[in-house]
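Input: a single structure, listed below in structure tokens.
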Amino acid sequence: MRHEDRGFHPDVKRLLDGELRGGLDDLAPALREEAQEALRLLAEVDPTAPVVSDALEARVMAAVRAKRGRRRELVVRLRPWMLAPALAAAAVLVLLVGRVLQAPTAQAPAVASLTVRFVLVAPDAQRVSVAGTFNQWDPSATPLVRTAEAGVWAATLTLPAGEHQYAFVVDGDQWVADPAAPAIPDGFGGGRRNSVLTL
Amino acid sequence: MNYRLAMLAMLALVPAALAGQSIDERLGARVPRETAALVRELAARAAARGLPADPIVQKAIEGSVKAVTADRVAGALREVLAQLELSAAALRGAGMDPPDTIIVAAGAFAINAGLDASQVRELAGAGPATGAAVTLRVAGTLAALGVPAAEVVQLVATALGAGQAPADLLALPAQVQAAVARGETPAQAAVGLARAAAALGRRGPPPTRPTPPPRPQRP
């Protein structure tokens, strides 16, 4: 888990990795309590292999294929006369990135955006789109496209950080919640639900 | 004097006119006239109380696009306003007065997902005020995953109490989903994650290495 990686002393990590043959005795006394805690947490980890649903596997494989198709190699040869313009361009780039990554103030919320891939397995569908709070619930705004995987539809969007609600629209009139996402009632009765995406 | 008063009155009316125009533009022709009138009325009521109007507009558009009957849309819009009012009251109870509209919307989402006002108040006061919106969104998302509200509060409050930043909480829904995929119930997953967060919080920062003694200097 991320927080364990961040927190434990390097010598405790060596113990967890089996590098200390003498076990706890090889550690400084001040680290032994922390090491026991780490060992206890390690013992609580479920050793069984995780179960991955078919839908998730299909989404991952579709993403991998899409990435492989876009792969390009870029080789830039830097000559001496190009050094000054290159450094100037790098300085401008650093400045721009710094502005984008600037920490938000107490009043202004973070405005970071994230790229999200929406995937639905719908083998019998003729058309699929996604509609939600991010596109004014417009079913025609964000169509999904068929992927190489049979019956798998997908679309990639860049969305601002925050909470978004959405649903898939199949063949223009069937509203379908994302089976892979949390969902809440849409508030209109009739048992329909909106999927929730929190970024 | 009368001229100045008239100018001030006109200036005061400009934002209201712009706000009204914005809602009308967003509703466009997608929303029936009677629904649009109700949206304007509820949005004005929300604005007068310092509440965000956007969730009301969004719900009206959603209802119309989904071809929901006008009476059901009206009921949903009133429910959205009620949740916003409940959220704002809870946030004022947590010391935010007036509460930020973004946090109010996040609290209303959490209430819609299954938390009650006292739980929203507790979570809003559990971490830094600047991260309250994220905290409440994560809480709502956990509830939407099927985690019971009491376990949601326990998990989120424990994680914040253990020193996690609100932004770190964004990983919790995926962790619950992973545990559910392994066969746990959402409640069991939340309890397990809360226990792990508490254990990490008790451990505190790692001890530093002892400083080596200074090397003896050559005479």
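Per-structure values
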read-out: Within the range B:88-110, considering residues that are aliphatic (A, V, I, L, M) and within 9 Å of the chain's Cα centre (by Cα), the one farthest from B:VAL152 (Cα to Cα); value: B:ILE102
read-out: Residue list for the range B:104-119, filter: within 14 Å of another protein chain (Cβ to nearest Cβ) and in a helix (DSSP H, G or I); value: B:VAL104, B:ALA105, B:ALA106, B:GLY107, B:ALA108, B:PHE109, B:ALA110, B:ILE111, B:ASN112, B:ALA113
read-out: Residue check, A:SER195 within 14 Å of another protein chain (Cβ to nearest Cβ) and in contact with a Phe, Trp or Tyr (Cβ under 6 Å, 6 or more places away or on another chain); value: yes
read-out: When residues of the range A:177-192 are limited to those that are surrounded by fewer than 18 Cβ atoms within 10 Å (Cβ to Cβ) and at negative phi, the one farthest from the other protein chains (Cβ to nearest Cβ); value: A:PRO179
read-out: Selection count, the range B:67-84, where residues are crowded, with 17+ Cβ neighbours inside 10 Å and either among the acidic types (Asp, Glu) or over 10 Å from A:PHE188 (Cα atoms) (or both); value: 4
read-out: The range B:80-108 residues that are under 20 Å from B:ARG40 (Cα atoms), paired with ones that are of a type in the set (S, T, N, Q) (beta carbon under 6 Å, 6 or more apart); value: B:GLN83/B:ASN112; B:VAL104/B:SER87; B:ALA108/B:GLN83; B:ALA108/B:SER87
read-out: Contacts under 6 angstrom Cβ, first residue in the range B:29-45 being over 12 Å from B:ALA70 (Cβ atoms), partner in a loop (DSSP other than H, G, I, E, B), 6 or more apart; value: B:ALA43/B:ALA53
read-out: Single condition B:PRO206 does not satisfy, out of (1) at pLDDT 90 or above; (2) facing chain A (nearest Cβ under 8 Å); value: (1)
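Every residue, every condition in (1) away from every other protein chain (no Cβ under 13 Å); (2) in contact with a Pro (Cβ under 9 Å, 6 or more places away or on another chain); (3) farther than 19 Å from A:GLN165 by Cα, yes or no:
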| site | (1), (2), (3) |
| --- | --- |
| B:ARG45 | yes, no, yes |
| B:GLY50 | yes, yes, yes |
| B:LYS66 | no, no, no |
| B:LEU77 | no, no, no |
| B:ALA88 | yes, yes, yes |
| B:ILE102 | no, yes, no |
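The values are calculated or read from the model by the stated rules, or taken from the named source; none is laboratory data. Nothing here was measured: the structure is a model prediction, and the numbers come from that model. With ideal geometry, Cβ positions are generated from the backbone for all residues, glycine too; neighbour counts draw on all protein chains shown.
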